[in-house]
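To keep things clear, I will list the structure first and then write my remarks on it.
What follows draws every value from the coordinates through simple rules; no lab data is involved. These numbers were taken from a predicted model, which means no experiment stands behind them. Cβ coordinates were reconstructed from backbone atoms using ideal geometry, including for glycine residues, and neighbour counts include every protein chain displayed.
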Amino acid sequence: MKSSTKECDLFVIGAGSGGVRAARLAAQSGANVVIAEKYRIGGTCVIRGCIPKKLLSYSSKFSKHNIIAQSYGWSFDEPRFSWNRLIENKNKEIQRLSNIYKTNLEKSGANVIESEAKIIDRDTVELSNGDQFKCKKILIATGAKPNFPNITGIEYGISSDDFFELDKLPENVVIVGGGYIALEFASIISGFGTMCELIYRGDRLLKNFDVDISNNIYEQIQSDKCKVRLNTDITKLDLHDGKYTATLNDGSTISTDLVLFATGRNSDLSFLGDKIEIETDANGRVKVDSQFQTSISNIYAIGDVANNHHLTPVAIREAMIFAREQFEKDTDKFIIENIPTAIFSNPEIGTIGLSEQDALQKYKKIDIYTSSFRPLYYTLSDVNKRTFIKLIIDHKTQVLIGFHMMGDDSAELTQIMSTLINKKASKTDLDNTIPLHPSTSEEIMTMRNKVTKEL
Ligand code: NDP
């Protein structure tokens, strides 16, 4: 069949969270928009990230809830877990969400194309079938793909993307990394009863988080099903009789059913045709300015592919700013600052604002309030899960500048605390709030033990 050339105002490459939002908003404002996706509509968050991860995380917590239920007088038959049923239900849900994304795109008036798309010159995008689009603007929203370290036998390792598709749950797993995915999957996998060993090359997990969060999660994530080894790295992987052998940097070995690499993600640059070059930073991320413009003036990039923050809500916010500026000519700008973030490990982590280290650098003198306690929910059982909360206050103004939490519902509370931080609430505002009793959040309102630190 003969290929064709069409025209559009905006061509979006990648139908993940950022691309879908930008395409919908631009189309709704009257632009002629085309969006192409080479894999499945929904992108990382819906198909192989946030959503399936959180579903697995919910599932993995039932083993603990079952133990606690007994302390509340309940007893159940011997609990059994079906990986296949979970994956089947998870697949149905992500297909439902993917369909909704597609329908919403079509309703907005965007032309949805399920194909790979490549930029072949500054205003031309080509599909796999050879069809071309002449585009006034192009938006790259292709996201990122797993990074694997360069070691012998790396082909035996898998990423979190692959974990969602496993036929069966292994009996033991080695996880490499000390960031978001490593902690979330260590919690999920050990929650299912699979033995899990977390191998991290550094001396503190979550090295970019507040140091107390790193220390607390190191203590609390370890259990009879989850071990953590710091200052350790895998140097080689082998396969013998269906089992993998991981050689560590101290020369010792671990035999395991599966090795999962959670070692960061790299920009997906597969949108680049042979004859086009777009500037990237030292990490291979597409360089953008404050308006998401790349080194080519009519080509923009948002989300994980670009050299900004790599979180779904940030990609969505970037899409909103891009669409407003380029198609609605709206001058009422959104601001991207104070980004809350959560890790759905067990225990969960939530954080907003500055860590102690960063707050000291910026404000020079800070007040710190911490609280560590065993939540009421666990007190009837032997489960020794603790909650940790930390507030960071600018000493001079008494304004709240950081909130860090590890424990149940951390993500939910962090979201609310982010409004307080945005509104520059003070410690006095918290003190003046009547605590809701009995609850975890009352701890935030009743913190009294202050430590002042000065640079
Ligand atoms: P992270 O950047 O959080 O962590 C990567 C980890 O891998 C770090 O501990 C890093 O070590 C380690 N690492 C990197 N390269 C190597 C290597 N060659 N050998 C050994 N270790 C290595 O990335 P993740 O993969 O966990 O997640 C990717 C991104 O996805 C996150 O940054 C986040 O933006 C997003 N995400 C968000 C989630 C959420 O919001 N809940 C959940 C999951 C992912 P070191 O610290 O020493 O560099």
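What to note about this one:
- Span-like helix ranges in the chain, DSSP H, alpha carbon extent 30 angstrom or more, Kyte mean at least -1.0: 50-71
- Between the range 387-430 and the range 43-95, the Cα center-to-center distance that results, in Å: 30 Å
- Cβ-placed point charges (K, R +1; D, E -1), dipole of the range 340-455 about Cα centre in debye, nearest 20: 460 debye
- Contact order relative to length of the chain, as percent, for alpha carbon pairs under 8 angstrom and 6 or more apart: 16 percent
- Mean projected area in nm² (Cα convex hull; one quarter of hull surface) for the range 224-367: 15.3 nm²
- All lysines inside 30 Å of LYS450 as judged from Cα atoms, apart from same-chain residues fewer than 8 positions distant: LYS207, LYS362, LYS364, LYS365, LYS385, LYS390, LYS396, LYS423, LYS424, LYS427
- Amide H partners (placed H, <5 Å) of SER426, local residues excluded: LEU400
- Ordering LEU436, HIS404, GLY177 by the projection of their Cα atoms onto the charge dipole of the chain, which places +1 on the Cβ of Lys and Arg and -1 on the Cβ of Asp and Glu, puts LEU436 at the extreme positive end.
- Placed amide H near LYS6: partners under 5 Å, 5+ positions off or other chain: GLN132, PHE133, LYS134
- Under 5 Å, built H, 5+ apart or other chain: amide partners of ASN307: VAL286, VAL288
- Computed from phi, the 3J(HN,Hα) profile of the range 427-443 under the Karplus parametrisation 6.51, -1.76, 1.60 (θ = phi - 60°) reads 4, 5, 4, 5, 4, 7, 8, 6, x, 8, 10, x, 8, 6, 5, 5, 4 Hz, with x in place of Gly and Pro.
- Under 22 Å from LYS92, Cα to Cα: lysines that are on another chain or at least 8 residues apart: LYS38, LYS53, LYS54, LYS61, LYS102, LYS168
- Taken about its Cα centre, the chain carries a charge dipole of roughly 680 debye when the Cβ of each Lys and Arg holds +1 and the Cβ of each Asp and Glu holds -1.
- The range 1-48: C-alpha gyration tensor shape, a/c 1.5 cut-off, then a/b vs b/c: oblate
- Residues VAL228, VAL286, VAL174, VAL305, ranked from the fewest to the most other C-beta atoms within 10 Å, line up as VAL228, VAL174, VAL286, VAL305.
- All aspartates and glutamates inside 13 Å of LYS6 as judged from Cα atoms, apart from same-chain residues fewer than 8 positions distant: ASP123, GLU126, ASP131
- Taking the helices alone, the chain has a mean residue ellipticity at 222 nm of -8500 deg cm²/dmol, built from -39,500 (n - 2.57) per DSSP H run of at least 4 residues and averaged over all its residues.
- Shape of the chain, Cα gyration tensor, a/c cut at 1.5: oblate
- Compactness of the range 158-293 is given as radius of gyration and Dmax, 17.7, 54 Å, from Cα positions.
- Spatial separation of Cα centroids for the range 1-41 and the range 204-230, in angstrom: 42 Å
- Length available on full extension from THR428 to ASN147: 0.36 nm per residue minus the Cα-Cα distance, which gives 96.6 nm.
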